[in-house]
């Protein structure tokens, strides 16, 4: 009976070795750990790289948006002054020069401010802030892992 027990244990050990190509379970686990670590480091590096690109986009567009917002605020103040002058002219009845000056400056500032805001916003919205490449790679990895798990 002891011969049969050794025979069964030998068969199990041989089957296990053939599944692991002669490597021990510890070797396989260690290799899997190293591969997972490299996998995680690669994905983290990808995410960091993509986030750096997004930050560069924001750095390029933010000054335009700030200048655009300041000019839009200036346009609001100038147009408010124009409205005040209009009301003054309506009740005073004789002077249009202050109104036209404020109106022209206000419209010019509004056009410039709006243009800068549009350019800055378009720069950010065109590239977006979501790390799309990293998400795509992670989805591909998920699909690959699911396919590998099905094959086991």
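Of note:
- Sub-6 Å Cβ pairs linking a first residue in segment 24-42 that is farther than 25 Å from residue 137 by Cβ to a second residue that is at pLDDT below 85 and surrounded by 11 or more Cβ atoms within 10 Å (Cβ to Cβ), at least 6 apart or interchain, are 28/20, ordered by first then second residue.
- You will find that of 67, 89, the residue that is modelled with pLDDT under 75 and either surrounded by 12 or more Cβ atoms within 10 Å (Cβ to Cβ) or not in a helix (DSSP H, G or I) (or both) is 89 and no other.
- Filtered residues of segment 18-38 (kept if at pLDDT 85 or above and touching a helix residue (DSSP H, G or I) at 6+ places or on another chain (Cβ under 8 Å)): none
- So residue 100, is it on the phi < 0 side of the Ramachandran plot and at pLDDT below 80: yes
The values are calculated or read from the model by the stated rules, or taken from the named source; none is laboratory data. Here the structure is a predicted model, which means the values were calculated and not measured. Glycine also receives a Cβ, built like all others from the backbone with ideal geometry; neighbour counts cover every protein chain displayed.
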